[in-house]
């Protein structure tokens with residue numbers, strides 16, 4: 001039944017107003033970035049940063065793409081390769097680790113899961129030097145291995161937790177029915193649980209891809225070869241080279257951000273469903 005009282009209508013209007021203000025606050029920086037990328041230097045100097053460009057300078061993007069010192073097409077390929085490989089590793093490994101925590105019974109399960117969650121309280125800066133020493137010992141420095149291989153060993157405590165919560169919401173009757181048909185735990189995982197966990201898998205994939213795409217510290221620490229660098233490091237390098245040419249810097253920033261926006265538009269249905277259903281047991 002719809003609440004048509006004045007207080008109910010006021011509360012609904014207030015809710016929409018807050019949501020609208022939040023949306024504007026989130027979109028304004030992106031609007032400024034896009035409009036600045038389409039302005040000329042004179043337009044930036046003589047107009048407000050909120051003003052729409054007098055003329056659309058699409059050549060700013062051509063200038064960025066054809067820069068001889070910073071090859072954004074090469075950095076795009078490098079970043080896409082790292083992001084796709086690490087995302088596959090995170091999705092597969094986090095699902096494999098979450099399955100026994102959610103569906104199987106074994107001694108010490110709760111203690112192990114508590115220990116796993118406790119690693120989320122460990123700052124990344126604490127493990128930065130030990131990780132570098134380990135990867136240097138393995139001769140992985142200046143390769144993509146430190147940015148990809150660890151993703152295949154667990155996928156991170158948060159992703160495991162997310163997958164476990166979703167798996168716990170799937171009725172266990174399905175597991176029992178599969179076992180009556182002679183299915184092993186591996187078959188149940190691949191043919192029963194995984195097809196039903198598409199929203200959670202999509203959620204973890206989006207989180208992982210965005211995190212890998214925007215990773216700055218990892219490539220900065222482990223990659224020395226300029227031809228192996230990623231977009232975030234390339235953007236920082238380009239910013240230092242162009243200085244106060246804000247129209248070019250913003251054009252580069254738009255190109256780095258656009259793939260993530262496209263990804264979210266194509267996956268938002270699964271993403272939202274995965275977030276909502278994760279908390280339902």
Computed over the Cα atoms, what is the radius of gyration of the chain divided by 2.2 N^0.38 Å, N being its residue count? 1.26
Packing-based ranking, highest mean first, of 65-74, 153-162 given that Cβ atoms within 10 Å are counted: 153-162, 65-74
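For the stretch 6-57, count the residues as N, evaluate 2.2 N^0.38 Å, and divide the Cα radius of gyration by that value, please. Walk me through the numbers before you get to the answer.
Details: Rg = 16.8 Å, N = 52, 2.2 N^0.38 = 9.9 Å.
The reported ratio for this selection is 1.70.
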How far is helix 246-278 tilted off the main Cα axis of the chain, in degrees rounded to 10, range 0 to 90? 20
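Could you work out the helix-only [θ] at 222 nm for the chain, with each DSSP H run of four or more residues adding -39,500 (n - 2.57) and the total divided by the number of residues, to the nearest 500 deg cm²/dmol? Write out the running numbers ahead of the final one.
Numbers: 14 runs with 196 residues, N = 281.
Computed ellipticity for the chain at 222 nm equals -22500 deg cm²/dmol.
Go ahead and run the numbers for FRET between residue 152 and residue 118, Cβ-Cβ distance against an R0 of 30 Å, rounding to 0.05. Don't jump to the answer; show the numbers that get you there.
On the way: r = 22 Å, r/R0 = 0.74.
Approximately 0.85, to the nearest 0.05.
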A chain fully extended from residue 220 to residue 106 at 0.36 nm per residue, minus the present Cα-Cα distance, gains in nm 36.9 nm
Could you give the angle, 0 to 90 degrees to the nearest 10, between helix 231-242's Cα long axis and the longest principal axis of the Cα atoms of the chain? 20
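Hey, with R₀ at 35 Å, roughly what FRET efficiency would residue 66 and residue 265 work out to, going by the Cβ-Cβ distance, to 0.05?
Numbers: r = 28 Å, r/R0 = 0.81.
In this case the efficiency is close to 0.80.
Sort 182-188, 104-110 by the packing proxy (mean of other Cβ within 10 Å over each peptide's residues), most packed first. Write down the numbers at each step before the final one.
Working: 182-188: 13.0, 104-110: 9.0.
Highest to lowest by the protection proxy: 182-188, 104-110.
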Between 0 and 90°, nearest 10: helix 157-168 axis offset from the chain longest Cα axis: 50
Nitroxide proxy distance, nm - points 7 Å out along Cα→Cβ at residue 47 and residue 33: 2.0
Given 0.36 nm per residue, what is the gain on full extension from residue 77 to residue 40 after removing their alpha carbon distance, in nm? 10.4 nm
With bins of 5 Å, the percent of all Cα-Cα pairs of the stretch 80-238 per bin from 0 is 1, 8, 15, 18, 17, 14, 10, 7, 5, 3, 1, 0, 0
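Throughout, read-outs are computed from the coordinates displayed, never taken from laboratory work. As the structure is a prediction and not an experimental result, all values here were calculated from the model. A quick note on method: Cβ atoms are made from the backbone with ideal geometry, for glycine too, and the neighbour counts reach across all protein chains shown.
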